[in-house]
Amino acid sequence: MKKSTILFPLLTIGLISLTLWSWNQLNLTPIEKTSLRLSLDNVVESLDPAKAYSDDSLFVSAQVLEPLYQYHYLKRPYEIQPLLAEGLPHISNKGQLIKIKLKKDVFYHPHPAFNNQPRELVADDFVIQFKRLAMNELKSPGRGLFLGLIEGFSNYNELIQNNWANLSKVPLKGVQAINKYTLQIELLKSEPNINYYLALNFLSPVPWELVKYFKNNLDSVLVGTGPYTLKTSSNDSIEMEKFKNYRSDFYPTSGDRYANVQKLLDSSKEKIPFIDNLKFYVMNNEEKRWEKFFNHEIDLVTVPKTFIDKLYDEKGELQENIKSRQIELKHFPILANRWLAFNMRDPIVGKNDHLRRAIAYAIDYDKYIKLLSNNTNLRANSVLVPGISGYLPAKDFRFKYDPGLAREYLKMAGFDSPSKMPKIVYSTRGTQGVSIEEANFIKEQLENIGLKVEIQVLSFSEFLEKGRAGKLMFFTDNWLFDYPDGENIFQLLVTSNFPGVNKSGYSNEKMDELYLKLKETSNMDQRDLIIHEMEEIVFADLPWIPMMYESSFVLHYPEIKNFRKSSIIRNYVKYLKIEK
């Protein structure tokens with residue numbers, strides 16, 4: 001036997017012994033991997049960036065996919081900053097020509113579609129995604145943003161004959177990769193919110209290899225450039241792990257007053273992401289989610305609206321099981337509102353203005369807010385929410401609780417006796433406790449004035465499917481703003497968005513005309529005037545009854561640092577840190 005053959009194992013044993021001795025002498029322990037356990041309300045219906053639109057699907061996607069821009073995590077009002085782009089867009093030709101340079105050396109997560117080779121981000125990946133959004137087949141909620149806006153977008157589906165295989169062959173005139181790292185977008189008219197559009201999940205890049213590999217069916221596919229990679233996915237849970245080759249990115253170095261007071265800048269300049277593993281549990285049962293949190297099986301939970309009273313004892317102080325474990329409770333306003341909606345194409349509620357007004361005066365709004373938020377939310381006085389340009393805080397509430405007036409409207413609607421009362425079908429927005437309690441409350445309120453109400457219990461996915469197909473009669477809806485501008489919510493009332501996000505099937509020529517005018521107007525004062533006019537049309541036609549502005553209570557264990565809630569910043573997990 002050669003001496004080198006004997007010497008190698010002896011050296012190996014020696015090195016292992018030396019390492020163990022060093023750990024013991026210096027009292028060091030190996031760095032443990034950190035894990036964060038989170039919850040989702042519903043099964044994610046699609047992970048395709050062209051189609052994902054529920055809060056749960058966008059939250060999951062945001063940890064993996066990255067668009068060109070994001071919102072600064074620690075600043076309010078919201079501020080756009082580059083994510084995959086090297087800098088802010090260069091806009092010329094009166095706002096109609098946009099050039100964006102990409103960061104270099106940004107790589108996708110490994111996938112067999114890339115033949116086991118590193119795949120760098122290139123400008124053409126954004127071109128492919130714009131083309132996918134233009135396809136009728138995908139029914140993307142983001143498609144309407146670019147119809148009539150991007151050169152060649154509106155008729156692109158016809159050019160490719162609705163065949164995904166032609167995406168790589170047929171150019172989209174208004175979106176081109178002018179070189180490997182430069183994207184060019186040609187608009188037919190200027191768009192004041194274009195920077196916000198470029199920060200939406202819809203425009204996360206999609207490589208052609210991935211489209212080809214999965215034949216354009218990306219509902220269960222999640223491959224991006226983000227800080228986390230998808231490990232496993234099922235209807236019960238989703239697991240992710242830190243992307244080992246994530247580029248160098250760092251925690252913010254500046255923030256607003258809240259960020260400074262809450263010491264959210266302590267991690268400044270540190271490399272992100274901090275946490276190694278993520279696990280999302282799908283739990284639409286609120287009791288189960290609550291129990292799992294207090295068993296420390298999940299680390300952070302948004303408090304269900306009907307559980308807010310469980311936070312405090314009879315003296316108004318935090319419950320002992322929260323205080324004793326140093327669990328942190330945080331309350332955040334969010335850019336979200338809630339309203340009752342009518343299907344304006346329904347022969348009963350949609351065609352009878354007096355019936356809709358009877359319902360508007362039949363609701364005890366104070367009781368509603370107490371039931372759903374324990375008086376922590378504010379009653380809505382507008383279609384817009386506080387923090388959005390055009391919102392008027394002094395605007396009067398258009399409707400009040402007045403059962404007598406409600407009955408008068410019922411008579412004017414033609415329902416002046418019990419035998420003539422129509423049956424109203426109210427559909428829930430999910431099966432969670434809050435949705436059922438809300439349904440029972442609405443039923444009780446309407447039956448108090450003589451209406452007959454049937455509750456149709458739907459899962460959230462069923463609600464979306466039926467709503468977007470125009471098959472609901474009467475329902476509660478809410479909206480988490482995708483970007484901080486009034487245009488974002490008024491799209492839900494535009495004729496061209498039915499079927500689709502316009503679940504009310506609402507159609508008004510003047511509203512459509514004003515919406516287009518709003519999209520073309522950059523002067524903020526003029527935009528506010530247009531928004532006020534649009535809002536008056538909504539109150540006159542009454543497809544919606546504004547109910548309340550949402551806020552969010554969050555509980556998390558003390559080891560979680562850097563947490564700040566936002567309804568439009570969903571990629572925040574990369575900023576969280578666990579310090580035990």
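Looking for whichever is surrounded by 15 or more Cβ atoms within 10 Å (Cβ to Cβ) and either under 19 Å from the mean Cα position of the chain (by Cα) or on the phi > 0 side of the Ramachandran plot (or both) here; the options are L172, L203, L159. Which one fits? Reasoning before the result, please.
Working: L172 fails: either under 19 Å from the mean Cα position of the chain (by Cα) or on the phi > 0 side of the Ramachandran plot (or both); L159 fails: either under 19 Å from the mean Cα position of the chain (by Cα) or on the phi > 0 side of the Ramachandran plot (or both).
When all the criteria are applied, what remains is L203.
Regarding R345, is this residue assigned by TED's automatic domain parsing to the domain that holds V501, of a type in the set (D, E, K, R) and either modelled with pLDDT of 95 or more or not in a helix (DSSP H, G or I) (or both)?
yes
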Run A394 past the list (1) of a type in the set (A, V, I, L, M, F, W, C); (2) in contact (Cβ under 8 Å) with a residue 40 or more places away in the chain; (3) in a loop (DSSP other than H, G, I, E, B) and report the number of the one that doesn't hold. (2)
Does S419 count as assigned to a helix (DSSP H, G or I), assigned by TED's automatic domain parsing to the domain that holds L529 and either aromatic (F, W, Y) or loosely packed, with under 14 Cβ neighbours inside 10 Å (or both)? yes
Wholly within the stretch 447-536, which helices (runs of 4 or more DSSP H) include no fewer than the required count, namely at least 3 residues that are in contact with a helix residue (DSSP H, G or I) (Cβ under 7 Å, 6 or more places away or on another chain) and not acidic (D, E)? 509-520
K231 meets each of (1) part of a loop (DSSP other than H, G, I, E, B); (2) not assigned by TED's automatic domain parsing to the domain that holds W164 with one exception, condition (1)
Scanning the stretch 147-169 residue by residue, those without any contact (Cβ under 8 Å) to a residue 24 or more places away in the chain and not in a helix (DSSP H, G or I) turn out to be G152, F153, S154, N155, Q161, N163, K169
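Could you pull out every one of the strands (runs of 3 or more DSSP E) wholly within the stretch 30-131 that has 2 or more residues that are of a type in the set (A, V, I, L, M)? I'd like the intermediate steps shown before the answer.
Values: elements: 35-40, 69-71, 80-82, 90-92, 97-101.
Qualifying strands (runs of 3 or more DSSP E): 35-40, 97-101.
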Can you find even one residue in the stretch 518-526 that is touching a Pro at 6+ places or on another chain (Cβ under 8 Å) and farther than 27 Å from K51 by Cα? yes
Here's a check for you: in the stretch 538-580, which residue that is over 30 Å from S268 (Cα atoms) and among the aliphatic types (A, V, I, L, M) is farthest from the chain's Cα centre (by Cα)? A540
Filtered residues of the stretch 261-302 (kept if more than 21 Å from S35 (Cα to Cα) and either in a strand (DSSP E or B) or touching a residue at least 40 places away in the same chain (Cβ under 8 Å) (or both)): Q262, L265, N284, N285, E286, E287
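Is it true that K503 is within 30 Å of E191 (Cβ to Cβ), in contact with a Phe, Trp or Tyr (Cβ under 8 Å, 6 or more places away or on another chain) and either of a type in the set (D, E) or at pLDDT 95 or above (or both)?
Taking the combined requirement at face value, the residue satisfies it.
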Looking only at the stretch 272-288, decide whether some residue is charged (D, E, K, R), touching a Phe, Trp or Tyr at 6+ places or on another chain (Cβ under 6 Å) and over 30 Å from K367 (Cβ atoms). no
It is to be established whether one or more residues within the stretch 537-556 are in a loop (DSSP other than H, G, I, E, B) and more than 30 Å from R325 (Cα to Cα). yes
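The values are calculated or read from the model by the stated rules, or taken from the named source; none is laboratory data. Everything quoted here is computed from the prediction, not taken from an experiment. Because the Cβ atoms are built from the backbone with ideal geometry, glycine has one as well, and the counts that use them run over all protein chains shown.
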